[in-house]
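Contents: one structure, followed by commentary.
The values are calculated or read from the model by the stated rules, or taken from the named source; none is laboratory data. This structure is a prediction, so every number in the text was calculated from the model and none was measured. FYI the Cβ positions are ideal-geometry reconstructions off the backbone, even for glycines, and counts take in every protein chain you see. Heavy atoms of the whole protein, side chains included, go into the accessibility calculation; ligands, DNA and RNA do not. Shrake-Rupley method; radii C 1.70, N 1.55, O 1.52, S 1.80 Å.
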Amino acid sequence: MGPFPLQIVDTGLRPGRENHALDRQWLRMCAAGRRGPTLRFYRSLPTASLGRFQAAPRELRWEVCARRGVDVARRMTGGGALYLDPQQAGFSVVAPDSAFAGPYSLSSMLAGTATALAQALASLGITVRIKAPNDLEIGDRKLASVFAVREGGAWLAHGTVLLDVDIQAMLEVLRVPTEKLSLDGLAAARDRLTTLAEQPGGAPPLAAIHKAITEAIARAFGWRPISPPVEPDPVRVSPALLAHEGRAAGLVDWPEPGPGVIEVLTKVKSGTLRLQAEVDAEARAFGEVRLAADLYAQPGEALARLAACLRGRPLEDGVARAARLIEEGAVEVPGLSAQDLARLARLALDTRRLQDAAALSHAEANAVMIHSPDGSSAEAILRRATVMLVPYCAKPVWCKWRHRDGCPECGKCEVGDAYRMARERGMRVVTVTKYEHLLETLDALRREGAAYVGMCCSHFYVKRHRAFADAGLPAVLMDVSGSNCYELQQEAAAYQGRFQAQARLDAPLLAKVMRFVPPRPRSGEPLAGTDP
């Protein structure tokens, strides 16, 4: 028997939700034996494309999508949220297991598809490197991404290549601050992406791109492209599947945490893992549990199965069950270990314990972010804390101290309350005036081995997690409210110390947390590395 024939289809420009529905429809047809290997080219109208396992409210700005007329769709595949528009060349490959020479895992399918796309681009004179698990880059700038999933005995692999990019629309639609798209948090988001239009000679014609991808995909999987590439039947989308796509967009659409529910997150090797759970701190056990992530997972219910391991069980038992699923290969989540899940579960328990000890409301408890590289409890970190970090954006815009370290404690804002509480406990206080200042301060604290209390918006903590992780210091952080640079899309100005709106510290929450910081003699020594 010769190579499997590869059908080539170009379905043109369509709504993103319709493109997602076609992927689902043709994957099911492959699994049922009613379609062989098929490579489809397409482009999408403006669409916010959610990864399969993401919590929609944490990833999208719904109101912006509605105002801009941007469709919202959820992929069958994992990974992070994407902004799709006609300036991106999309392709999808569906094929039954029988069309492949050997078995593929999720990791190997991602790698194989990324390699094929890299070879296609190389044939067009564009050299890229693959950044595992799914990105293709030129230098440190992303040009393309690939995704994959297996269901019912068939595979779907798909990808997008940036012909050009609308950065403003992307940052308005997605909750993806600048530092998610840049290595140091200082470069503009535009500097973290590249496009075919920017390459020498500009973007090749779409026909040339499609031809190169066709040849590379066929070669990678040992298939024979059908010539001429004709789709014999009109391409129709099942109305039922299209309706399903509308419902799927809202899946994993988490509510705001209610009484007894704790939400925490941790950064793992390949992304962010979130947990929302009913927590019984005394019994060290969980009730209802939800997991969400911008990760890749196989099978499609992988995260639900891991969550079920924790549900209704003590921490140690739940984590042990999850570890067995991962070790036995029953679930495959590249970049996630049982230790990551255990760390996240312990964070939820510790947050619940702090809630009880400090008499925090459920909203206050979920505004606390415990950063504990060594596994210390929140109360233990607070007993060790000798420094407080305050963001400059919480000072009033009219205050002459807004962009300076220090505070006169005039009583006209919550920052003065924070300084007073720290002073009463002999703590040093640093107003962080810009992102570089934060890095310098954390480096100085690292050399001292200090623990600290700090305030920052949760968006910043999530997306700039690497800065906190690299410092390796225990900290108890509290979310800020009011205007913030992420909602206003002014991250670059904020990092440079030029953000003009005002955030608000939660003084009552800070007072409850600071009760656990014991008074100590004030050293009077300036903090090395700071720049007043």
Which entry is the computed Cα extents along the principal axes in Å for this structure: [x] 82, 53, 40; [y] 113, 57, 38; [z] 67, 58, 49?
[x]
How many angstrom lie between the Cα centre of the stretch 60-108 and the Cα centre of the stretch 315-334?
27
Of all beta bridges DSSP finds with both residues in the chain, what is the antiparallel percent, to the nearest 5?
65
Between their Cα atoms, which of LYS131/LYS211; LYS434/LYS512; LYS269/LYS395; LYS131/LYS395; LYS142/LYS267 are more than 31 Å away from each other?
LYS269/LYS395; LYS131/LYS395
A correct Karplus calculation of ³J(HN,Hα) over the stretch 195-210, with 6.51 cos²θ - 1.76 cosθ + 1.60, θ = phi - 60°, whole Hz and x for Gly and Pro, returns 9, 5, 4, 7, 6, x, x, x, 6, x, x, 4, 4, 5, 5, 4
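Nearest 500 deg cm²/dmol is fine: what mean residue ellipticity at 222 nm does the chain get from its DSSP H runs of n ≥ 4 alone, each adding -39,500 (n - 2.57), divided by its residue count?
-10000 deg cm²/dmol
Tally Lys/Arg at +1 and Asp/Glu at -1 over every other residue whose Cβ is under 12 Å from the Cβ of ARG420; what's the total?
Charge balance near ARG420 sits at -2.
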Put PHE286, PHE4 in order of accessible area, largest first, probe 1.4 Å, and you get PHE4, PHE286
Quick one: what are the phi-derived ³J(HN,Hα) couplings along the stretch 321-334, Karplus 6.51/-1.76/1.60 with θ = phi - 60°, whole Hz, x for glycine and proline?
5, 5, 4, 5, 4, 5, 5, 7, x, 5, 10, 10, 10, x
Using only the alpha-carbon atoms, how far is helix 239-248 inclined from the longest principal axis of the chain? Give it as 0 to 90 degrees, nearest 10.
20
Between LYS142 and residues 5 or more places away or on another chain, the pairs with built amide H atoms under 5 Å apart involve LEU193, THR194
Surrounding charge for THR77, neighbours by C-beta under 11 angstrom, Lys/Arg +1, Asp/Glu -1, total +3
What is the calculated FRET efficiency for LYS269 to LYS412, with r their C-beta to C-beta distance and R₀ = 45 Å, to the nearest 0.05?
0.50
Shape call for the stretch 236-368, from the Cα gyration tensor axes a ≥ b ≥ c (a/c under 1.5 means rounded, otherwise prolate when a/b beats b/c, else oblate), comes out oblate
Hey, what angle do you get for helix 414-424 against the long axis of the chain, alpha-carbon based, 0 to 90 degrees rounded to 10?
50
Taking θ = phi - 60°, what integer Hz values does the Karplus form 6.51 cos²θ - 1.76 cosθ + 1.60 yield along the stretch 48-54, in sequence order, with x for Gly and Pro?
8, 9, 7, x, 4, 10, 8
Rounding to the nearest 10 and keeping the result within 0 to 90°, find how far the Cα-based axis of helix 106-123 lies from the longest principal axis of the chain.
70
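Full extension from ASP317 to ASP443: what is 0.36 nm times the residue separation minus their Cα-Cα distance, to one decimal in nm?
41.6 nm
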Heavy-atom accessible area per residue - the chain, 1.4 Å, Å²
40
How about LYS400: which aspartates and glutamates have a C-alpha closer than 18 Å to its C-alpha, ignoring those fewer than 8 places off in the same chain?
GLU409, GLU414, ASP417, ASP531
At 0.36 nm per residue, minus the direct Cα-Cα distance, what do LEU13 and GLU328 gain on full extension? Give it in nm, one decimal, please.
109.2 nm
Between the DSSP loop rule and a limit of at most 11 other Cβ atoms within 10 Å, which chymotrypsin sites (Phe, Trp or Tyr not before Pro) in the stretch 407-489 are left?
none
Distant-in-sequence amide H partners of ALA55 (H built 1.01 Å from N, under 5 Å):
ALA293
Name the long-range amide H neighbours of VAL72: under 5 Å, sequence gap of 5 or more, or other chain; modelled H, no Pro or chain starts.
ALA48
Of the peptides 202-215, 380-393, 399-412, how do they stack up when ordered by the mean number of other Cβ atoms within 10 Å, highest first?
380-393, 202-215, 399-412
With a cut-off of 8 Å between alpha carbons and a minimum separation of six or more residues, what is the relative contact order of the chain in percent?
13
Counting Lys +1, Arg +1, Asp -1, Glu -1, what net charge surrounds MET514 among other residues with beta carbon under 9 Å of its beta carbon?
+2
Between GLU282 and ASP135, what's the calculated FRET efficiency when r is the beta-carbon distance and R0 is 30 Å? Round to 0.05.
0.10
Mind giving me the nanometre distance, one decimal, between the label points for ARG34 and ARG504, set 7 Å out from Cα along Cα→Cβ?
5.6
